[in-house]
């Protein structure tokens, strides 16, 4: 696994200490999540993706963040209960962290520096809609909104970044995921 990110300290949503090294040899889909967002229904698709590809080495990883419209105000326990009761989430969830701006977690610093721009679906209007409400990226590589997705290959390299409005069943995401799962 890429040494730059393998040993960054992480905390599971239940408080257990870990790092990405615990997922060595897996294909990771890292997603900043929120419980009160218009994109929150993506949890269902992310869980389906995880269940369908877990045996082949996929790990979906949810990182709650509250930087976007304060749409993740709950405690870790409240977030965990919401995810389990509302969506049956089984993929690993982590403690709330900061994904942009002051206090940005080193994992997200690495992800956004490695891949500064996300791929958007052809028909995406998300950036324009957010800008209408005065919500612009401060830096070009900032996370745009909840549910932005990073694909990390089995060697720990960040290989793709997808916009928040890229659904878990989007063909571009599935194609990138399939390519990484097929590699040994």
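Here are the numbers:
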{"read-out": "Unmet requirement for residue 112, which otherwise passes all of (1) touching a strand residue (DSSP E or B) at 6+ places or on another chain (Cβ under 7 Å); (2) buried (at least 20 other Cβ atoms within 10 Å of the Cβ); (3) more than 22 Å from residue 183 (Cβ to Cβ); (4) without any contact (Cβ under 8 Å) to a residue 60 or more places away in the chain", "value": "(1)"}
{"read-out": "Scope the stretch 46-60; condition within 18 Å of residue 87 (Cα to Cα), touching a helix residue (DSSP H, G or I) at 6+ places or on another chain (Cβ under 7 Å) and in contact (Cβ under 8 Å) with a residue 40 or more places away in the chain; matching residues", "value": "47, 53"}
{"read-out": "Inter-residue pairs, beta-carbon under 8 Å, first closer than 9 Å to residue 11 by Cβ and in the stretch 91-102, second assigned to a loop (DSSP other than H, G, I, E, B), 6+ apart", "value": "94/13; 95/13; 95/15; 97/65; 97/105"}
{"read-out": "Residues that are buried (at least 17 other Cβ atoms within 10 Å of the Cβ) and either within 19 Å of residue 57 (Cα to Cα) or without any contact (Cβ under 8 Å) to a residue 40 or more places away in the chain (or both), drawn from the stretch 162-174", "value": "168, 173"}
{"read-out": "Sole residue being under 24 Å from residue 173 (Cα atoms) and surrounded by fewer than 18 Cβ atoms within 10 Å (Cβ to Cβ), chosen from 57, 69, 62, 74", "value": "57"}
{"read-out": "Residue 134 being at pLDDT below 95 and crowded, with 19+ Cβ neighbours inside 10 Å", "value": "no"}
{"read-out": "Qualifying positions in the stretch 115-131 - in a loop (DSSP other than H, G, I, E, B) and crowded, with 16+ Cβ neighbours inside 10 Å", "value": "115, 118, 120, 121"}
{"read-out": "Unmet criterion (only one of (1) in contact (Cβ under 8 Å) with a residue 24 or more places away in the chain; (2) more than 20 Å from residue 174 (Cβ to Cβ); (3) touching a helix residue (DSSP H, G or I) at 6+ places or on another chain (Cβ under 9 Å)) for residue 43", "value": "(2)"}
{"read-out": "Failed condition for residue 87, given (1) touching a helix residue (DSSP H, G or I) at 6+ places or on another chain (Cβ under 9 Å); (2) touching a residue at least 60 places away in the same chain (Cβ under 8 Å)", "value": "(2)"}
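The values are calculated or read from the model by the stated rules, or taken from the named source; none is laboratory data. Since this is a predicted model, take the numbers as computed values, not measurements. For neighbour counting, all protein chains shown are included, and Cβ atoms are generated from backbone atoms with ideal geometry for every residue, glycine included.
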